[in-house]
Amino acid sequence: MPIVSLSTRALVEDFNKRSSALELNLTGSADPPALVVGATGLLDTDSSPSFYVIVESMLAEAQAAGGLILDVEHIRYISSAGVGVCMTLFVETTKQDIPYFLYKVPACVRSVIGVLGYSSYFSYLDAYKAE
Amino acid sequence: MACLDLAGPLGDELIWDFADEERNELAYGKLACGMARELGASAWAFVFADGGMNALAVSGRGSERADMRASAAPPRAGNWEGLLASLGIECRHVLALPLEIAGPLPQAVVLGRDDRPFDEVERQAAVALMRDIAPVATVRYRASRVQRVRDEAENELRTSEAELRTFFEESRDMIYTANGEDIVASINSAGIALLGQRDRFDIVGTPYSNFVLTPSDRGNFLERITKAGYVTDFEIILKKVGADPIFCLETAHAIKSPSGKILQIQGIVKDISERVSREREMWQLSVELADTNARLKETQMLMVQHEKLASIGQLAAGIAHEINNPLSFIVSNHSVLGQYMATFERAWKTAVASDPTLADRIEGELGLVELFAEVDSILRESNEGLSRIMNIVKNLKIFAHSGADSSMGSYDINNGIDSTLVVARNEIKYVADVELRLGDVPAIEAVGGEVNQVFLNILVNAAQAIAGQNRKERGRIVITTSQVDETVVCEISDDGPGVPEELRHRIFDPFFTTKGVGQGTGLGLSISYDIIVKKHGGSLMVDRSQAGGALFRIGLPIHHPPADDKEQRGNKADTDAGAIG
């Protein structure tokens, strides 16, 4: 697992305790080199703001790891606000030259991204080599 | 005076109707008038109090009814003559008969006549009559009361229903109900319009999920409403016939059976497409801004690199100039020194010719003949070295000319290649031979130093690519120049590893490099592209050479169009080069 600060881990643990709709977990990828943020549950209007805050706080660590992979395989529902978070992360990672991927995008997420017209912005990943 | 038909027996008229004052008056009048008729009274009155306890009366003589009169206070018991008098009915004898019905208001029938007083028999008959009438009147009064309450309730219900119907139908948001199986049971006009349907019955009876872009989202909604009994501001994307999907917020609650099973879902759905659209525009702007920032960063890097190259060019030109001055007097001195040596040798030979012993004596000790031969050789070698230094300095000056002056001028591409080869010689000479096939091409308008920089980038790349193969045999670089219409074309090909086809469209991108970390910035070819395509309106393409290596084809216009056309040409050239590259 890439080096993730203790404070970030504590943030994730705290997030998981407080959030009933969304659960996060951190892993690492060797190829492509990246920090993997896995999200399970609902990325809706309620959970999106705090989700963004926590992932944004990990960008420095993602940069050190070589990239950021957002594992959305287990997202069961996403609202426009949730897609907005993915887009904001796209903007931020572009600014900071951090490779950014969406991993295993389920149909329910893909359709909302598509309706909003953001499909072409993201790099999609179907596999990565876990660390 | 209103005329009421008070003749005839008491019948159904004796029904109070609290919603119909006229009917009440008819009932009161009929009762009092009937009593008067039965008991031989000439005048009659039905006295009652309204809700404010004001006394009211319906009165008359015979079957004629007088106007309704009102007094500020209820009639005082016993003063019934006075009451009739206040109603304009003067009678000498009065009989008052309270009507004891279970109502909230006191009521009485007052009868009067002048010819004789009411005797006990009449009074008892009247009381008996009132006693008989009272239950009927009570029942009818109550029935009327119940009817009135019912009518009022029904009216309120109708009003309330109409208001709800208006609210349901006129709402700008979609309002719907669905049964326990999530089948739509009712929907308002806004909902029909929102879904782009024409008829209510295209929706009613259909599963709600049929109208949702991602049916699993509805499953999520149902999961929540089953658990909590309500859902607030749940975002859902609905399919609209003949239009783009619409983003909506739904707030709903469930009506459940005692066992917790959902019987009905009642929901309000608000179209938030405009809001989402505005958010999209905002994201779009953010993305464009980030993109612009990235481009700015790239441009800044390119500019810095350009500046560095220009500085190096200036530095080279400066050094060449500085070397040139001492070199001139060294060459001059060297030439003079050669002449002096030749003079000295001639003098020696003359001296030897006049005194042969001198030759034996000194030649034997010093070996002057050999010394003269060696000095001659040294001078020739030094001369050659100095010539080469002069050539290098001259070419450095030519190569770096644009470092000091970046404006367009007459430029001989063949000379540019020659001078660039001198500068690149050290990179190339150990790994490859260069074959020049320079054609007879005209001078072009160009910033010579910058074009030379492009040649240098491509030649050094070729040499490094060949060196990277670690092969035994030397590589080969071929440079050709020719004129094609109004363009001078220079092709530089090598027999190195070449550029893989899948990378060819990227090699002119800033920071793209196949070299190892620290070996290349990835800016050389990007800057070359910038110089040839954007600055000179030319073309720069990469292809596979006949020898299997890389082939770079540089096209430069001989003349440049006026400034207005130039921009358009630049854009066109940019597109062309991008497509081929």
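Structure notes:
- The criterion of at least 2 residues that are of a type in the set (Asp, Glu) and modelled with pLDDT under 75 is met by none of the strands (runs of 3 or more DSSP E) falling completely within the range B:43-157.
- Any hit, the range A:48-56, residues being out of contact with any Asp or Glu (no Cβ under 8 Å at 6 or more places or on another chain) and farther than 19 Å from A:Phe101 by Cα: yes
- Screening B:Glu502 with (1) loosely packed, with under 14 Cβ neighbours inside 10 Å; (2) not in a helix (DSSP H, G or I) gives one miss only, at (2).
- Test: residue in the range B:186-204 that is at pLDDT 95 or above and either closer than 19 Å to A:Val109 by Cα or within 12 Å of chain A (Cβ to nearest Cβ) (or both): no
- Taking residues in the range B:373-396 that are under 23 Å from B:Ala317 (Cα atoms), and partners anywhere that are loosely packed, with under 11 Cβ neighbours inside 10 Å, not one pair has Cβ atoms closer than 6 Å while being at least 6 places apart or on different chains.
- Only one entry in B:Val269, B:Val241, B:Val204, B:Val231 is in a strand (DSSP E or B), under 23 Å from B:Glu169 (Cβ atoms) and not polar (S, T, N, Q), namely B:Val269.
- The range B:214-263 - residue that is in contact (Cβ under 8 Å) with a residue 40 or more places away in the chain and aliphatic (A, V, I, L, M) and, of those, farthest from the other protein chains (Cβ to nearest Cβ): B:Leu263
- Helices (runs of 4 or more DSSP H) wholly inside the range A:1-98 containing at least 2 residues that are within 14 Å of chain B (Cβ to nearest Cβ) and surrounded by 17 or more Cβ atoms within 10 Å (Cβ to Cβ): A:48-56, A:80-95
- The range B:278-288, residues that are surrounded by 13 or more Cβ atoms within 10 Å (Cβ to Cβ) and more than 7 Å from chain A (Cβ to nearest Cβ): B:Gln284
- Tally of residues being surrounded by fewer than 17 Cβ atoms within 10 Å (Cβ to Cβ), among the acidic types (Asp, Glu) and touching a residue at least 24 places away in the same chain (Cβ under 8 Å) across the range B:153-181: 1
- Condition check for B:Ala424 on (1) crowded, with 17+ Cβ neighbours inside 10 Å; (2) among the hydrophobic types (A, V, I, L, M, F, W, C); (3) in contact (Cβ under 8 Å) with a residue 60 or more places away in the chain: one failure, at (3).
The values are calculated or read from the model by the stated rules, or taken from the named source; none is laboratory data. In this text, all values refer to a predicted model and were calculated from it rather than measured experimentally. Positions of Cβ are generated from backbone atoms using ideal geometry, with glycine treated the same way; all protein chains shown enter the neighbour counts.
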